[in-house]
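Read the figures in this text as sums done on the coordinates, not as results from a lab. Keep in mind that this is a model prediction, so the values were computed, not measured. Note that each Cβ is placed from the backbone with ideal geometry, even for glycine, and that neighbours are counted across all protein chains shown.
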Amino acid sequence: MDNEIEMNRPTWVEVDLQSIRNNFLKIKEKVFFRDVICVVKADAYGLGASKIAATLEEVGADGFAVASMEEALTLRESQIKKPILVLGYVDTRNLHLASLNEIRITLFDKDFIKRLKEYRNETPLKIHVKIDTGMHRLGISLEEVPFVFEELSKFKSVIVEGVYTHFASADSDPDYTRFQISQFNRVLEYLKERNACPKVVHAANSAAVLNFEKAYYTAVRPGILLYGITPNHQKIQLESDFKEAVSIKTRIVKVSYYKKGERISYGGTYQTEKESLIATVPIGYADFIPRNLSNKGYVLVKGLKAPIVGVITMDMMMIDVTGFPYIHPGNEVVIVGSQGENKITMEEFATLSNTIPYEILTRLNKRIKRIYK
């Protein structure tokens, strides 16, 4: 692994596949062995969808969910065999492509039924109907349910395989989540009374997997929990048997002593208060480091916290390693992860950056090498 990194820019993401397997099995057990549809949209939250999906398929994933047809086809091209559901928009010109590749699409707008009438093919198109129970982003309203399911029942080449909803605040607002569950249950009761309820029913995202057993239905739909990261670290603490799967690291490429009063980086926003040892590392805001961590973030070097000094630049940033033992180019720098007895979690890093772990992960630039352990 080190040889691979040394041949390239020495900045990389370590993805622990065994931890991901562990987390999947933990989720499977927690939801009483219901189906687990693994959300791997946005390139598996920046970690490499093909590799992550292959790992999850090996360990027993029942299906996958992505954001677009492009993402779904990438998984098929990577020889992923399990069902794939597109959560977002699919152009009607791609319906034939979806059916040929066993890709499920989402119907989230009653007007889409008009366009479904254009679909003429011997290969059935499998769809999941999304119900808007309170997220108010995508989905048909409760009032539209009778019309939509009645119209869909007339199609010979369209199979309604699933029905689902999405929670707006399962990580932070239990009352509103319970309201959404009750709304979804109203829909399910209506469909069951008419013997029209699809076989796949899913609602629980990562937060609901942890907090709302009543939302498990026939399947659950976790995303960030697969990587051992809590959806809301201020309100949800993970059990210890969930394992963090992501570390982000780089190496020092230059070390310099500067006298007191020297200005560091663009704009001179940081001045050394004494003779200081400043190290440059090859990672910056073009990679994923938020620029607002300038002069307030920190990393780990030799197991010690080293503050970020000066403005973070596009490709590099500087850290203060004054007084650290045996500092030289090549020393490992941990942005997220463990080193010695210290640790910087993804949640800690995101909070310091005034954002959420989802954004940090999905901003990981493609030029950062992914190393799978």
Review point. How much length, in nm to one decimal, is gained on full extension between residue 260 and residue 363, taken as 0.36 nm per residue of separation minus their Cα-Cα distance?
Key: 33.5 nm
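Cross-link list 28/243; 81/110; 41/214; 254/296; 302/366; 82/192: which exceed 23 angstrom alpha carbon to alpha carbon?
Beyond 23 Å: 81/110; 41/214; 302/366; 82/192.
Which loop GluC sites (Glu not before Pro) in the range 293-367, with loop taken from DSSP, have no more than 10 other Cβ atoms within 10 angstrom of their Cβ?
When the GluC sites (Glu not before Pro) of the range 293-367 are filtered for loop state and at most 10 Cβ neighbours within 10 Å, 341 remain.
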Exercise for review: Identify which of the listed values of volume of the Cα convex hull per residue in Å³ was calculated from the structure shown: (i) 123; (ii) 147; (iii) 137.
Suggested key: (ii)
Practice item. May I ask for the angle, rounded to the nearest 10°, between helix 174-193 and the longest principal axis of the chain, with both axes built from Cα atoms and the value confined to 0 to 90°? Key: 30
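Please give the contour-minus-distance gain from residue 239 to residue 348: 0.36 nm per residue of separation, less the Cα-Cα distance, rounded to one decimal in nm.
Using 0.36 nm per residue and subtracting the Cα-Cα distance, I get 37.5 nm.
Roughly how large, in nm² to one decimal, is the mean projection of the convex hull of the alpha-carbon atoms in the range 140-185? It would help to have the intermediate numbers written out before the result.
Values: hull surface 15.3 nm².
Average of the hull's projected areas for the range 140-185 equals 3.8 nm².
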Point to revise | Nearest-ten-degree value, helix 17-30 long axis tilted from longest Cα axis of the chain | key: 40
**Study point:** Cleavage-rule hits (GluC sites (Glu not before Pro)) in the range 146-248: DSSP loop, at most 15 neighbouring Cβ within 10 angstrom
**Key:** 239
Review point. Restricting to the chain, what percent of DSSP beta bridges are antiparallel, rounded to 5?
Key: 55
Review point. Over the range 121-271, what is the relative contact order in whole percent, taking alpha-carbon pairs under 8 Å and six or more residues apart?
Key: 17
Practice item. With the Cα gyration tensor of the range 17-227 in hand, convert its eigenvalues to equivalent ellipsoid semi-axes via √(5λ) and list them largest first in whole Å. Key: 26, 23, 14
Check your understanding: Averaged over all directions, how much area does the convex hull of the C-alpha atoms of the range 144-253 cover when projected, in nm²?
Key -> 10.8
